[in-house]
Protein chains: 6
Amino acid sequence: MTETLRADGRTPQQTRPVTIERGWSAQAEGSALISFGSTKVLCTASFTPGVPRWLTGKGTGWVTAEYSMLPRSTNERMQRESIKGKVGGRTHEISRLIGRSLRAVIDTKALGENTIVIDCDVLQADGGTRTASITGAYVALVDALEWARERGFIAKKAKPLTDSVAAISVGIVGGVPLSDLAYVEDSRAETDMNVVVTGSGDFVEVQGTAEGAPFNRAELDALLDLALVSTTELADLQRAALAEARRP
Amino acid sequence: MTETLRADGRTPQQTRPVTIERGWSAQAEGSALISFGSTKVLCTASFTPGVPRWLTGKGTGWVTAEYSMLPRSTNERMQRESIKGKVGGRTHEISRLIGRSLRAVIDTKALGENTIVIDCDVLQADGGTRTASITGAYVALVDALEWARERGFIAKKAKPLTDSVAAISVGIVGGVPLSDLAYVEDSRAETDMNVVVTGSGDFVEVQGTAEGAPFNRAELDALLDLALVSTTELADLQRAALAEARRP
Amino acid sequence: MTETLRADGRTPQQTRPVTIERGWSAQAEGSALISFGSTKVLCTASFTPGVPRWLTGKGTGWVTAEYSMLPRSTNERMQRESIKGKVGGRTHEISRLIGRSLRAVIDTKALGENTIVIDCDVLQADGGTRTASITGAYVALVDALEWARERGFIAKKAKPLTDSVAAISVGIVGGVPLSDLAYVEDSRAETDMNVVVTGSGDFVEVQGTAEGAPFNRAELDALLDLALVSTTELADLQRAALAEARRP
Amino acid sequence: MTETLRADGRTPQQTRPVTIERGWSAQAEGSALISFGSTKVLCTASFTPGVPRWLTGKGTGWVTAEYSMLPRSTNERMQRESIKGKVGGRTHEISRLIGRSLRAVIDTKALGENTIVIDCDVLQADGGTRTASITGAYVALVDALEWARERGFIAKKAKPLTDSVAAISVGIVGGVPLSDLAYVEDSRAETDMNVVVTGSGDFVEVQGTAEGAPFNRAELDALLDLALVSTTELADLQRAALAEARRP
Amino acid sequence: MTETLRADGRTPQQTRPVTIERGWSAQAEGSALISFGSTKVLCTASFTPGVPRWLTGKGTGWVTAEYSMLPRSTNERMQRESIKGKVGGRTHEISRLIGRSLRAVIDTKALGENTIVIDCDVLQADGGTRTASITGAYVALVDALEWARERGFIAKKAKPLTDSVAAISVGIVGGVPLSDLAYVEDSRAETDMNVVVTGSGDFVEVQGTAEGAPFNRAELDALLDLALVSTTELADLQRAALAEARRP
Amino acid sequence: MTETLRADGRTPQQTRPVTIERGWSAQAEGSALISFGSTKVLCTASFTPGVPRWLTGKGTGWVTAEYSMLPRSTNERMQRESIKGKVGGRTHEISRLIGRSLRAVIDTKALGENTIVIDCDVLQADGGTRTASITGAYVALVDALEWARERGFIAKKAKPLTDSVAAISVGIVGGVPLSDLAYVEDSRAETDMNVVVTGSGDFVEVQGTAEGAPFNRAELDALLDLALVSTTELADLQRAALAEARRP
């Protein structure tokens, strides 16, 4: 019986408890501290008027992202990338994924010549840090855009945001498709897939990897089904977080 | 009519002419110069007895990969990453993808405590360099394994290779799903997907990205269909290249 | 009248509200999230049996520290040091200060051949991040030592801890000596002094810097007086935090 | 008898078979794949209007070069300099040599404010890679200049090229002066000399190094004699390659 | 008896023989080779009209400093920081200290939009290199300012220099407060303090560190007393060096 | 008339005044401060028993060299390579040249498994720094070898030194071959040649570069003639310096 499969008692479809603490940072234009169970990511969105030189005068804005893990966010301490003197491949890959995912719901023309830098810093890691980052960063992004609109950096009628976006990690563990893998599940997964989905239910990214045996079309379909259910739930949670009054 | 869509006259399903020049390098244990139209990648496989220290004594081997582009493989010259002093995010991401793809068809126990380093150096780039790299690297890998078996580094009866592996880039351009995107197509694609498939037709990696608008399930399915046809053709070409006598 | 001097209504001697959330991290052997007003630092202590090679066989342990600021902990976003590819002078200086301060209350012989790495990551910055780091790191250190003792890495009777340690930033602003400078005060200070003091009231570090005009002996004495009062209060808060039961 | 000296049957004066595949690259403004026996170097010349900022407004152009070896161009795989994060001394030295050698036959006034970057990437190495690079780069350079002239970046009557340039490696092995050392010869050479010579027979660079015993004036003279014969042959080969029609 | 304490026969208060060879460098605008016993530091001051971009147009100048040790200035050879590819924490810390110390006696408004870079290169190290650097750098700075005034970069009536500045290392060794610690004393010191003092006797920096046991207020006071006597002597030596005619 | 050619009144053959201050450093096993006119280089030789790991057990020693310029050794301040984070091509090239030149007079078998690191730090630069470095380093090397022999690291009867070695910069300026180019001459030279010669008068390195027009065989011969006269004089000066008693 699959009910007994998961160490924390969840059903295959069930995500961990997700909380979104909007406006966590007193400094950033937008921010959210998001938790998926023990996974905690601090997402900030920094708004600056103007764009990098290579974009100047084109009338479009720029959204980019950086991801990083605190050295002791993990079970064993990792060396800092600042100390190593270089950013590792995994960090690069995830930063790029977060940036692409958010740009997918941004109309850069409507954003105007403004820059938003998203920072996702993992304070505690227990699987799913990249998908939690995307989901939390969206909330920070919305608040940074609102901040900019209130100060006139973005026109009143402009609609830089075209949709919402959320992400979930799904995978096959012991032959069973599961949603929102915790670290112990992720490390045993035969197939691991990160799926980024808009509020309208379309795909922004599908990244499936066979960690053990290659996977077939039926397995791929089962994972996509799971992902679409979970990202719908996450979109609801994002909407709820944004419905509250912003922290002053 | 979609026949008129592609600048080089191909049908949507058709790949560019693919050639695999096996044993191109006189130095490496295995090698292949692979072309997909104007895209040319030199793939070498370097075999060394022994494994990195962190694997020693575990009885398993190691396969890893590095990807790089010559500075003038592209239309405009790019700065060398050695001069910049760091490897960029895209390079890291592709190197990791190639490594994972090849490891998916390797039984590291059967490989024994031996290391194979794959180098994929793009001599000329016209789209699809990462998927050409994987497809060519497989041929180099087979020859390096054979080289090692002949010299007794791998036991006669050991079967380190569990399947073949090939990859294709597919995407939606102007609403039409196309296989093997050339650079001009790739830069206009709404959705871009790299698919890595074993000789048996199972998935090793599925990486789909919405470059423009998000994509729906039907589009995803159409792309996967295209990819499976093309990777079956590539598997045949790999088999044909390996059927010839090795260069002495 | 000095009562009106400080923007947040504090008297010259008064520190901001200080909270110490012990055991914040579920991963680290010891941890504390410390706040001095809006300044928030996550301090973790990572315990590992064994010492770096250059200490092996000498029968002594090793305690070291690393300090870092999240890019948007500050009012304007700072570039990540991992992206720059090097650690800045200020970061180095503070990391070294934290390490020396904690080693001053550690008997490395009693610690045995074990290593403790302290990480102080500033989540939000409003002045006094280095002194908050030292004060919080002490609490994390105590818990990591207790963790190690419970698991037998440190002998039952060994006393690796010789005292407690806390730190405060003091300075002269507009001619008035003030304790626990907030960022707006710090940026206007003529003289800025960081003082690290043991629970017994002895000095571990005294670092006074004339930001504007040089300071005389009387001013130096007034600052030291202020610092000793505040570090006594901090020592009480540390004791109180450690008196509670540890988070399981 | 010296006829029996060389492993590949050459006489002391004889170079290995040299081929120059002009226009190998479909992307670069000029290119040549040059082989000296098993040594193969891909040389490209990238033309860009304009000069680096420090030269702007001086009315002179700029020619520079970068040399690199593919990791498995050699018998044992070498680590990539991009991965190491720095360019080694030998690479720097050879890049500078190639740049100086080509600038010696360029009239930078006649070139105008334009930049040419030469890339020499060693695909396979068997001795003499730096001299092969210079010899091949000259052909690529000529084609890049022609490309620029056809597009009006260089005036019709301007003569940026003052001469041709070629280079050869010579050395004393077992007491016998030899031309065009293969790797096995180079590694046994007592003296090793790289000589860069113009089409008119004048010296651009003479770099002689005693690898074993110091060398006397008579030996130096014998090596220079050999070099002048070989570079004359190479100048003929360059002329022949350039006499063919360019690849469209 | 404390007379017998010091290996070189000095009394606790006595500094080593100090010599200041003003104008040592024929290239720099100001320079001094300073010795404290075997410690020898070459200090140069490089004057350039203009300021870094972030200061342009603010009407103020800039003084900064860099400290470095020759690899064999010490008893055992140290690796060069240029070879390591990064500047260490200690180097950063000392460079910053020297810069702050000199800026404390500079009126940057009176300096105008000009930059002075101080370089302190330790040729031979025997303790007290940072305090020798500050003391020597002041002399170099004065000459660079004079050089600039003579050439009209600084107005005749401007007074960019507000005071002189010198520094000394003091410490407690075997319970006895000592001035100007040589290396053998420094390595045995329980407490080590660097004190930077103006010609008027005010403090610019006080950096006291407990190397062994924490120190109490009485010990702190004794060290400050010692430091003030020594820096008064150093101010006299600086004045004497500057009284001589400059090297042409 | 060539007598009037040189700004400092020298004849074409004449070197600048050369002084060798042997034993300048109190720390290094061997050292010399060498001057060629205003060019001043501090050369140290650091002796360590043992060899790098890759040489261990082969019974041979290792001699290597590092060259560097102080930032204000030149007329305009240069950025430190430690700050840039990488060693430049010119520095690499010269370090390698110095190392090769000294190894040419070392019998590494007779040296035994010992390492000597030569450091050449340019304190003041006025042309010819690389050749001054080689000439001074030889003196430092001799003393380090003697130091090692006295302490038994090198056998009494071993003869690790096979000859002396010195170097000179020669060049053609305004059509006239000159010896020991000062900076103003070097910057105007049409051809520049560095020649390294043993005490017996054989060549170790000949590095000739056409800075302006290519040079012919007669010019090459004239430069070599000049170089051999100057290096003979330098060998005499080295002998004289080494004839004095070593500094204790």
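The values are calculated or read from the model by the stated rules, or taken from the named source; none is laboratory data. Keep in mind that what you see is a predicted model, and the values were worked out from it rather than measured. Counting neighbours? That spans all protein chains shown, and the Cβs are built from the backbone with ideal geometry, glycine included. The accessibility values were calculated without ligands, DNA or RNA, using every heavy atom of the protein model including side chains. Shrake-Rupley method; radii C 1.70, N 1.55, O 1.52, S 1.80 Å.
Can you find even one residue in region C:119-132 that is over 20 Å from C:T198 (Cα atoms), among the hydrophobic types (A, V, I, L, M, F, W, C) and touching a Gly at 6+ places or on another chain (Cβ under 8 Å)? Scanning region C:119-132, I find no residue that is over 20 Å from C:T198 (Cα atoms), among the hydrophobic types (A, V, I, L, M, F, W, C) and touching a Gly at 6+ places or on another chain (Cβ under 8 Å), so the answer is no. How many residues are part of a helix (DSSP H, G or I) and either within 7 Å of another protein chain (Cβ to nearest Cβ) or not charged (D, E, K, R) (or both) if we restrict to region F:80-104? Of the residues in that region, 16 qualify. Hey, can you tell me all the residues within region A:134-161 that are farther than 16 Å from A:I106 by Cβ and within 14 Å of chain C (Cβ to nearest Cβ)? Result: A:G136, single match. Residue under question is A:A189, and the condition is that it be at pLDDT below 95, assigned to a loop (DSSP other than H, G, I, E, B) and closer than 27 Å to A:T44 by Cβ; does it hold? No, not satisfied.
Conditions tested, residue by residue: (1) aliphatic (A, V, I, L, M); (2) out of contact with any Lys or Arg (no Cβ under 7 Å at 6 or more places or on another chain); (3) in a loop (DSSP other than H, G, I, E, B); (4) closer than 23 Å to D:L70 by Cβ.
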| site | (1), (2), (3), (4) |
| --- | --- |
| B:G57 | no, yes, yes, no |
| B:T64 | no, yes, no, yes |
| B:D121 | no, yes, no, yes |
| B:I134 | yes, yes, no, yes |
| B:A140 | yes, yes, no, yes |
| B:A148 | yes, yes, no, yes |
| B:A155 | yes, yes, yes, no |
| B:K159 | no, yes, yes, no |
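The residue that is farthest from A:T115 (Cα to Cα), among those in region A:54-80 that are over 18 Å from the mean Cα position of the chain (by Cα) and of a type in the set (A, V, I, L, M), is A:M78. Scanning region A:69-92 for residues that are acidic (D, E) and open to solvent by less than 40 Å² (accessible area, probe 1.4 Å) yields a count of 1.
Being of a type in the set (D, E) and free of Cβ contacts under 8 Å to residues at least 40 places away in the same chain is a description that does not apply to C:E66. The set of residues in region A:162-202 that are more than 14 Å from chain B (Cβ to nearest Cβ) and more than 18 Å from A:A125 (Cα to Cα) comprises A:V173, A:G174, A:G175, A:V176, A:P177, A:L178. Restrict the check to region C:197-211 and report whether at least one residue is of a type outside the set (S, T, Y) and at pLDDT below 95. So far as region C:197-211 goes, yes, one or more of its residues are of a type outside the set (S, T, Y) and at pLDDT below 95. Looking only at residues of region E:38-53 that are at the interface with another protein chain (Cβ under 10 Å from one of its Cβ atoms), over 12 Å from the mean Cα position of the chain (by Cα) and not β-branched (V, I, T), we find that the one that is surrounded by the fewest Cβ atoms within 10 Å (Cβ to Cβ) is E:S38. For region C:143-166, a residue qualifies if it is more than 21 Å from C:V206 (Cα to Cα) and open to solvent by less than 30 Å² (accessible area, probe 1.4 Å), and the qualifying residues are C:D143, C:A144, C:L145, C:A148, C:I154, C:A158, C:P160. Looking only at region D:201-218, count how many residues are assigned to a loop (DSSP other than H, G, I, E, B) and within 23 Å of F:T162 (Cβ to Cβ). Total satisfying the criteria: 5. Put simply, of B:T209, B:T231 the only residue that is among the polar types (S, T, N, Q), touching a helix residue (DSSP H, G or I) at 6+ places or on another chain (Cβ under 9 Å), within 13 Å of chain A (Cβ to nearest Cβ) and open to solvent by less than 10 Å² (accessible area, probe 1.4 Å) is B:T231.
If the condition is being in contact with a helix residue (DSSP H, G or I) (Cβ under 9 Å, 6 or more places away or on another chain) and open to solvent by less than 20 Å² (accessible area, probe 1.4 Å), then region D:167-188 contributes D:A167, D:I168, D:S169, D:V170, D:G171, D:I172, D:V173, D:L178, D:S179, D:D180. For region F:198-238, a residue qualifies if it is in contact (Cβ under 8 Å) with a residue 60 or more places away in the chain and more than 15 Å from the chain's Cα centre (by Cα), and the qualifying residues are F:L226, F:V229.
If you take the residues in region D:17-31 that are away from chain B (no Cβ under 12 Å) and aliphatic (A, V, I, L, M), which one is farthest from D:A148 (Cα to Cα)? Within region D:17-31, the match that is farthest from D:A148 (Cα to Cα) is D:V18.
The number of residues in region E:105-132 being away from chain F (no Cβ under 14 Å), touching a Cys at 6+ places or on another chain (Cβ under 9 Å) and open to solvent by less than 20 Å² (accessible area, probe 1.4 Å) comes to 1.
Taken together, the residues in region B:57-77 that are within 10 Å of chain D (Cβ to nearest Cβ) and not β-branched (V, I, T) amount to 9. Determine whether C:E66 is surrounded by 20 or more Cβ atoms within 10 Å (Cβ to Cβ) and more than 26 Å from C:E233 (Cβ to Cβ). Spelling it out, C:E66 is indeed surrounded by 20 or more Cβ atoms within 10 Å (Cβ to Cβ) and more than 26 Å from C:E233 (Cβ to Cβ). Per the conditions (1) charged (D, E, K, R); (2) without any contact (Cβ under 8 Å) to a residue 24 or more places away in the chain; (3) within 21 Å of B:A32 (Cα to Cα), the sole criterion not satisfied by D:E81 is (3).
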